[in-house]
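This report refers to the structure that appears directly beneath it.
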Amino acid sequence: MDAETEFAEPRRVVVKVGTRLVIDTDGEPHRDFLERLAGEIRALMDDGIEVVLVTSGAVGVGRRLLFEPGKRLRARERPSAAAAGQPVLMRYWAEALDGVGLTPAQVLLTQDDVVNRRRCMRLRETLEDLLGWGVLPVLNENDSVSVESVTFGENDLLAAMVAVAITPAELLVILSDQEGLFTADPRTDPESDLICRVEPGEDVSHYASGAGGPESLGGMSRKIEAARTATDCGIRVVIADGNAKGIVQRIVRGEQVGTCMLARPRLPSRKAWLAVHLMPAGTVVVDDGARRALTQEDGASLLPSGVVRVVGHFQPGDLVTIEDAQGRDIARGLVNFSSDETRTIMGEHSSRIPELLGREGPTEVVHRDDMVLSANEATQA
Ligand code: GLU
């Protein structure tokens, strides 16, 4: 099929730009890049396409402002560098966007904001409002409050989670200073080839080599992991060279540039949110019968009778992983009972729940609507 016609034009695109595109190694802005991308974004918006921008660079700018150039930042220094760098980074973007008549709106977030359903919903409303008003949301991690348990790790994952769960998009464009994914590191191996197309679910992680720069955390392997998060939920990803002229517009039009990672069928919004929810509170281990029931085409809910073991402490409404007896990850979902209650009712028929718990309750441990199969299971089902 002709690449021009293969993909429908997206209604919404999330564009992620890496530190090296935005600033040079001294933390000074690449104004040509900023102005060019601002122009591209404006052109897309004029065509009725909604754009969400995810930008790195706060740490790199802050490093210049607070420390000597070239200093290797300690983990403790990154949040302060980001706090000082973020407003200046925004100023660079605001100046470039102002040149094309666009207003940016800064949104800083941590993974907690996606995982917490209420905060996620509020964030979605805010971003939908901004998009509706023709304002460009400009996102970055809130690095100054981001501790290990809530950090996205890097902005590639942030962008993927936003595209999946916050402002559902059809396309995620990850721009860096590399043309895409190569069979080997192109900076050291001249024989390496660009991988143009990755099929849904295809594992290309072994091709990833090369780390990110000193301020960036990404590198190609993290880009691939993040891309996989998006493609598993139904969002196509293109990894491409941000310095190429008209790059985002070419990608949006369906031109073959960079590495295009094709998506699995789209997950409904609530299931997509579950799929990117990276912090399960515990594990429910199920028997083979339950495993088959969950993974068949019109999969069933998880009933207490299929549960054989409960690991961890959780409360009703928490996210749990559902594993089989061999420790394979089958699904994840929102559990209806606490870990203690689940231990009490496991192996029992649902009709005994009121008697065993002394209260009426749902009949399923995890309802089908609150469950998403892991990617491997989804292929088989
Ligand atoms: N949030 C970091 C920054 O603004 C970038 C993280 C990353 O490299 O992905 O500098």
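The values are calculated or read from the model by the stated rules, or taken from the named source; none is laboratory data. What you see is a predicted model; the values in this text were computed from it and never measured. Because the Cβ atoms are built from the backbone with ideal geometry, glycine has one as well, and the counts that use them run over all protein chains shown.
Data for the structure
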{"read-out": "Inter-residue pairs, beta-carbon under 6 Å, first farther than 23 Å from VAL147 by Cβ and in the range 65-81, second in a loop (DSSP other than H, G, I, E, B), 6+ apart", "value": "PRO69/ASP26"}
{"read-out": "Of residues in the range 145-168 being in a loop (DSSP other than H, G, I, E, B) and either near the ligand (Cβ under 10 Å from one of its atoms) or buried (at least 24 other Cβ atoms within 10 Å of the Cβ) (or both), the one modelled with the highest pLDDT", "value": "GLU154"}
{"read-out": "Residue within the range 131-141 that is farther than 15 Å from LEU53 by Cα and surrounded by 14 or more Cβ atoms within 10 Å (Cβ to Cβ) present", "value": "no"}
{"read-out": "Residue match in the range 28-36 (condition: farther than 30 Å from ARG253 by Cα, within 16 Å of the ligand (Cβ to nearest atom) and either under 25 Å from the mean Cα position of the chain (by Cα) or surrounded by fewer than 16 Cβ atoms within 10 Å (Cβ to Cβ) (or both))", "value": "yes"}
{"read-out": "From the options PRO265, PRO280, residue that is surrounded by 15 or more Cβ atoms within 10 Å (Cβ to Cβ) and of a type outside the set (S, T, N, Q)", "value": "PRO280"}
{"read-out": "Matching helices (runs of 4 or more DSSP H) fully within the range 52-130 where at least 1 residues are more than 16 Å from the ligand (Cβ to nearest atom)", "value": "78-98, 111-115"}
{"read-out": "Candidates VAL59, VAL100, filtered to the one that is farther than 16 Å from LEU139 by Cα, of a type in the set (A, V, I, L, M) and touching a residue at least 24 places away in the same chain (Cβ under 8 Å)", "value": "VAL100"}
{"read-out": "Residue, modelled with the lowest pLDDT, within the range 189-208, restricted to residues that are touching a Gly at 6+ places or on another chain (Cβ under 8 Å) and in a loop (DSSP other than H, G, I, E, B)", "value": "ALA208"}
{"read-out": "Filter pass, ARG222 being assigned to a loop (DSSP other than H, G, I, E, B) and either within 16 Å of the ligand (Cβ to nearest atom) or surrounded by fewer than 24 Cβ atoms within 10 Å (Cβ to Cβ) (or both)", "value": "no"}
